[in-house]
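Comments concern the structure below.
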């Protein structure tokens, strides 16, 4: 049975589940895992000669997407050519796993509880390998609970293009960062 909650004026609204957000926001499966939909693509572009050599052509000023993970789904390790700002909107906390080019691992958490060190926004630097999972919190559903989900947004500048996206290959990442074996095995296919 679907849970309901009472709005301030007495109206009853359905519980906001992963399925609700997927349908409501028109999200589609993403190659790295989870669901997404682009919500913004700047109308203006930066010419290729105005960008670092890692970009293969012109790029829009910026792009933005909604992104949702549910249950024990993961965002597989990947990297892009631009900085990516993550924003927490709803649901469980999200643990971002970031491996910088030197092999340093950090796992910041997106969420609404500053007392636990969570942030509403986090930046993943260009060129870093990163992935994501639902984070555990004492008062949140278990990440493997099918009802658990997180809804976030991602903003990329210069704008995201799949030409700038590289999905991590397990063998290659294990050779490069053997100290992070368990994590790489969990966040790659």
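The values are calculated or read from the model by the stated rules, or taken from the named source; none is laboratory data. Since this is a predicted model, take the numbers as computed values, not measurements. When we count neighbours, we look across all protein chains shown, and the Cβ atoms used for this are built from the backbone with ideal geometry, even at glycine.
Structure above, values below:
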item	result
Residue 125 within 19 Å of residue 156 (Cα to Cα) and free of Cβ contacts under 8 Å to residues at least 24 places away in the same chain	no
Residues satisfying the stated conditions in segment 20-44, i.e. free of Cβ contacts under 8 Å to residues at least 24 places away in the same chain and surrounded by 13 or more Cβ atoms within 10 Å (Cβ to Cβ)	20
Filter result for the condition that a residue is at pLDDT 95 or above and farther than 30 Å from residue 51 by Cα, over 94, 122, 110	94
Tally, over segment 48-79, of residues that are touching a strand residue (DSSP E or B) at 6+ places or on another chain (Cβ under 7 Å), over 30 Å from residue 174 (Cα atoms) and assigned to a loop (DSSP other than H, G, I, E, B)	4
Subset tally (residues that are surrounded by fewer than 18 Cβ atoms within 10 Å (Cβ to Cβ) and more than 18 Å from the chain's Cα centre (by Cα)) for segment 164-189	12
Segment 1-47: number of residues that are modelled with pLDDT of 90 or more and assigned to a strand (DSSP E or B)	11
Residue check, residue 75 modelled with pLDDT of 95 or more and under 19 Å from residue 149 (Cα atoms)	yes
